[in-house]
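Quick notes on the structure that follows.
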Amino acid sequence: MFFKIAFLITLLLSSLSARSLEEIHDSDEIIIAIYENFPPYSYMEDGVAKGIDIELGKLLAKSLNVKPKWYWTGSDENLEDDLRNVIWKGHLIHKTKADVMLRVPFDYKFIRQRDKSTGELSNELVVMKAPYHAESWVIATDKEKIPEVNSLAQFQFNTIGVELDTLPDAHFTYSFQGKLKANVRHYVSILDASNALKDKKINAVSGLKSQLEYFLDYKNNQDKYYMSKKIDYVKSKWDIGIAVSHEFRALGYELEGFIEEYYKKGLLKEIFEKYNVSYEKPIVLQEN
């Protein structure tokens, strides 16, 4: 009886840890980490998982001939914490890990960061691969109030909504010697900020382009809203890709091959357009 219980515990723990390609095939499922309540990438609607990353995860699982198992995770203080909790160390409490994490900001400089005291790579336990979309911070405006954004100085006289604790929050609140601060309106979520713009309570919103396109239904409302291509004076564009444990690079290469195939066949573009989000070719592919 003792050995049976020990075996079941070992089996359970192994099913909740990052695994090799062979172990994934043997289990008939791949554990995919996605951010919870993060439309249009990953969210629940009437008990059903939906979103761009859900669609991509399903494609990857199908290509591996296994089933997708969703590992919903919240956002921690920074990317390094997210990768530690999800990929290489496991959750602080239940110690579970995912085989792969989607929607990871792909930044070569971050990958190559070194510990200042030891000189060792800080992120050597994680492998980032397969950029599949170029994301950006932008500004969306009510065209009746702001037909286009020519200068950020316009927000000395126009209200702009931001989600708390995001780059636009810090940029508009503290930059420019605080001259814009009086017109910055803070919201718990970008959805709330977008709704305030739709209700004409504010004149503009700054946030992720994909989210603003989704929440404002920008594709069908371009007569109502203007959308900038970037935010001036700050790095506002980057790639998003996947992350796997350094122990299972083979899995990363396999998934990278699938994603490259989806890109060439136009499947990635189809997924983004399904959610009324304009697909943008990853920066690393634009440079080649």
| task | Determine which single condition S194 fails, assuming it passes every other condition in (1) touching a helix residue (DSSP H, G or I) at 6+ places or on another chain (Cβ under 7 Å); (2) closer than 30 Å to H25 by Cβ. | result | (2)
| note | Within region 197-242, residues among the basic types (K, R), over 18 Å from F272 (Cα atoms) and more than 20 Å from the chain's Cα centre (by Cα) come out as K198, K200, K201, K224
| Subset of region 41-55 [assigned to a strand (DSSP E or B) and in contact with a Phe, Trp or Tyr (Cβ under 7 Å, 6 or more places away or on another chain)] | S42, A49, K50
| Name the residues in region 57-83 that are touching a residue at least 12 places away in the same chain (Cβ under 8 Å), more than 12 Å from the chain's Cα centre (by Cα) and in a helix (DSSP H, G or I), would you? | G57, L59, L60, A61, S63, L64, E80, L83
| said: If I ask for residues that are touching a strand residue (DSSP E or B) at 6+ places or on another chain (Cβ under 6 Å) and not basic (K, R), which ones from region 219-243 would you list? | reply: Y225, Y226, M227, S228, I231, S236, W238, D239, I240, G241, I242, A243
| remark: Per the filter on region 17-74, residues β-branched (V, I, T), farther than 21 Å from I240 by Cα and buried (at least 20 other Cβ atoms within 10 Å of the Cβ) are I24
| Tell me, which residue of region 167-208 that is touching a Lys or Arg at 6+ places or on another chain (Cβ under 6 Å) and outside any helix (DSSP H, G or I) is nearest to N221 (Cα to Cα)? | N203
| query | If we scan region 243-256, do we find a residue that is at pLDDT below 95, β-branched (V, I, T), farther than 19 Å from A140 by Cα and within 20 Å of the chain's Cα centre (by Cα)? | reply | yes
| query | modelled with pLDDT of 85 or more, part of a helix (DSSP H, G or I) and under 24 Å from L167 (Cβ atoms), is that true of V86? | reply | yes
| request: Could you grab me the full set of residues in region 15-37 that are at negative phi and free of Cβ contacts under 8 Å to residues at least 24 places away in the same chain? | output: S15, E22, E23, D26
| field | Of all residues making up region 43-56, the number that are under 13 Å from the mean Cα position of the chain (by Cα), closer than 12 Å to I32 by Cβ and without any contact (Cβ under 8 Å) to a residue 60 or more places away in the chain | value | 2
| remark: By residue number, the members of region 235-245 that are surrounded by 14 or more Cβ atoms within 10 Å (Cβ to Cβ) and either in contact with a helix residue (DSSP H, G or I) (Cβ under 7 Å, 6 or more places away or on another chain) or closer than 14 Å to L208 by Cα (or both) are S236, K237, W238, D239, I240, I242, A243, V244, S245
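The values are calculated or read from the model by the stated rules, or taken from the named source; none is laboratory data. Bear in mind that the values here come from a model prediction, so they are computed numbers and not experimental data. All Cβ positions, glycine included, derive from the backbone under ideal geometry; neighbour counts span all protein chains shown.
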